[in-house]
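The next block holds one structure in the form of structure tokens; read it before the comments.
Each reported figure results from applying straightforward, stated rules to the coordinates on display, with no laboratory input. What you are looking at is a predicted structure, and each value in this text was computed from that prediction instead of being measured. Cβ coordinates were reconstructed from backbone atoms using ideal geometry, including for glycine residues, and neighbour counts include every protein chain displayed.
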Amino acid sequence: MRQETVWRLAGVAAVAGGLIDLVGPLFYPHLARPLRLSTYVLIDVLLLFGMLGVQSVAGRVMGWPGLVGFVIAVGGVLLVRTSAAGIWGAASYTVASAIWSIGMVVIGATLLVRRGPFRMAAALWIAAFVIGLAGLALKDQGLAHRLAAWCFALGFIAAGVVLARTASRAEA
């Protein structure tokens, strides 16, 4: 498979995962538990493919710091998926999603500092983390949590668009 095809597929996955993550809360209350949980897994798998695309396109620009962020983020995804096991008690999901978010912040900060591609996505991932922290500090699990989730999802949509454009430019 050509590199451009991989980038395009990763871009589609990132956009699809981000869009499902954005609109999902409208439908979750109407879904049976197994379907809702399957949707969460689908979102995370799609976003993971998007992360792989970002690493593939920008890995050289990001260097070691980006690779460290990528490993932290992938570890966070895996921890999110296993958080139901309650490794850290009732806070397992919160800890796991924070680890994922920290990984995305490292990736984002590296992309911004090194003037790599995906700068809009990077800014959105950092904003998601900052808003999430503010929500925790203010004990606001409503609006702040939702805003952070929107920024996180929009970051993946932005990354997906860049991945698709990068694939198109490379083919031209």
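In the chain, the longest principal axis of the Cα atoms and the axis of helix 3-27 are about 20 degrees apart. For a bin width of 10 Å, list the pair-distance distribution of the chain built from all Cα-Cα distances, rounded to whole %. Calculated P(r), rounded to whole percents: 11, 38, 37, 12, 2, 0.
Among 55-65, 148-158, 20-30, the peptide with the highest mean count of other Cβ atoms within 10 Å heads the list, and the full ranking is 148-158, 55-65, 20-30. Estimated purely from DSSP H runs of n ≥ 4, each contributing -39500 (n - 2.57), the mean residue ellipticity at 222 nm for the chain is -30000 deg cm²/dmol once divided by its residues. The angle between the Cα long axis of helix 143-171 and the main principal axis of the chain comes to about 20°, on a 0 to 90 degree scale. What separates the Cα centres of the range 99-172 and the range 1-59 is a distance of 14 Å.
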